[in-house]
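Asker: Here it is, the structure, as structure tokens.
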Amino acid sequence: MRPRRSDQPLTRFAPAKVNLSLQVLGKREDGFHELHTLMAPLSWGDRLRWTPVSAIPKATDRGEQEFSFRLHPPAACHDGFSEIGVEEDNLVTRAARLLADAAGVVAHGRIDLWKHTRPQAGLGGGSSDAAAALLLLNKAWGLGFTKPRLATLAARLGSDVPFFLAGSPAVCTGRGERVRAIGGLPALHLVVSQPHEGVPTADAFAELARQNGNGDPIEAEERTRRLLNALRAGRLRAFAERTVNSLQGAAAALVRSIGDTLDRLAWAGCVGQWMTGSGSACVGLAVNAAHARAIEGIMKAENNNNTFVTTTR
């Protein structure tokens, strides 16, 4: 039975992500890079709401042919947040247009995005928003698309978008679009600290190429297997010692504050610390919630105010 479209506002959480390991294996013929990464969604992120045209004040006479987007940055936002608008608008709107075209319907309604993730942080905010938009509009418009069908569309929007559709920790390969869900992992207590300056993904990969940094697929698979074993056994220090991010050195060469932030996380007492994605956000591993809050307090006392506590989901 075909699902009915909604005539009421609908909301959806768009979690940020953390790369628990990221290995770049080389550049492909299509221009993308072959990756082997272990990722997990976080309990922290953005929020989207879809409102039907009939429920938008002063818009009831516009018909259902209009789709609109509105960004809500944090009330106390830092410099650079104004730059999110164009990028995130494009990602959410592209997802809406792509889904509408695939379904043969007219895109309609309005999406409001309450934004918390920064651009160029390696937290996957834009990709997560795109995935959330696909899921939200699939329900709002009563399309009934299956997850595999949505995943095909997601891969056209960005390499990380299919991961967010899965909604669980996963090993992602190819350019990131091949997703293998992973179960049995404990929730990790993390402290995330974002340097003011972001890292454009293309710049990080270009710097990695200059450093001639490519990995081996067999070694990547074995490293991930050992990481998963350590996590499942609760051996946090063993996990922290084995995690790797191929882009960390390249990004740190571009943005000096990444190294400084990692040093501060170590000084604050993290079990381990690393950069997520292509940066610039850095992640510190804590043993429990109280430990994470204590580290957060130390970081903020050192004027690292763009720091927050979260867990993996």
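The values are calculated or read from the model by the stated rules, or taken from the named source; none is laboratory data. The structure presented is a predicted model; accordingly, all values stated were derived computationally and were not measured. Ideal geometry is used to build each Cβ from the backbone, glycine not excepted, and the neighbour counts take in all protein chains shown. Ligands, DNA and RNA are excluded from the accessible area calculation, which covers all protein heavy atoms including side chains. Shrake-Rupley method; radii C 1.70, N 1.55, O 1.52, S 1.80 Å.
Asker: Answer rounded, prolate or oblate for segment 123-162, using the Cα gyration tensor with square roots of eigenvalues a ≥ b ≥ c: rounded when a/c is under 1.5, else prolate when a/b is larger than b/c, else oblate. It would help to have the intermediate numbers written out before the result.
Answerer: Working: a/c = 3.03, a/b = 1.52, b/c = 1.99.
It comes out oblate by the Cα gyration axes.
Asker: Tell me, in nm to one decimal, what length is gained between ARG70 and ARG47 on full extension, where the rule is 0.36 nm per residue of separation less the Cα-Cα distance? Don't skip to the answer; put the middle values down first.
Answerer: Numbers: separation 23, 0.36 × 23 = 8.28 nm, distance 1.20 nm.
The ARG70-ARG47 span can extend by a further 7.1 nm.
Asker: With unit charges on the beta carbon (Lys/Arg positive, Asp/Glu negative), name the residue among HIS108, LEU150, LEU123 whose Cα is farthest towards the positive pole of the charge dipole of segment 96-199.
Answerer: Selected residue: LEU150.
Asker: Which label belongs to the value computed from this structure, given these candidates for mean projected area of the Cα convex hull in nm²: (1) 25.7; (2) 16.8; (3) 18.8?
Answerer: Read-out taken from this structure: (2).
Asker: Working only with C-alpha atoms, what are the Rg and Dmax values of segment 228-280, expressed in angstrom?
Answerer: Every Cα atom of segment 228-280 included, Rg and Dmax give 12.1, 36 Å.
Asker: Membrane-span-like helices in the chain: DSSP H runs reaching 27 Å or more (Cα, own axis), mean Kyte hydropathy at least -0.5?
Answerer: 84-103
Asker: Among ALA252, VAL271, GLY198, whose Cα sits farthest toward the positive end of the charge dipole of segment 167-313 (+1 at Cβ of Lys/Arg, -1 at Cβ of Asp/Glu, about the Cα centre)?
Answerer: The one lying farthest along the dipole's positive direction is VAL271.
Asker: Report the one residue of PRO186, ASN90, VAL161 whose Cα lies farthest in the direction of the positive end of the charge dipole of the chain (charges on C-beta: Lys and Arg +1, Asp and Glu -1; origin at the Cα centre).
Answerer: Checking the options against the dipole of the chain, the answer is PRO186.
Asker: At 7 Å along Cα-to-Cβ for each site, give me the label-to-label distance between VAL106 and ARG242 in nm.
Answerer: Using points 7 Å along Cα→Cβ, the separation is 5.6 nm.
Asker: Report the charge-dipole magnitude of the chain in Debye, nearest 20, computed about the Cα centre from +1 at each Lys and Arg Cβ and -1 at each Asp and Glu Cβ. Please report the intermediate quantities before stating the final value.
Answerer: Values: 37 positive and 30 negative charges, 231 e Å.
Here the size comes out at about 1120 debye.
Asker: Over the chain, what percent of the accessible surface lies on carbon and sulfur atoms, probe 1.4 Å?
Answerer: Values: 6810 of 14310 Å².
Its accessible area is 48 percent carbon and sulfur atoms.
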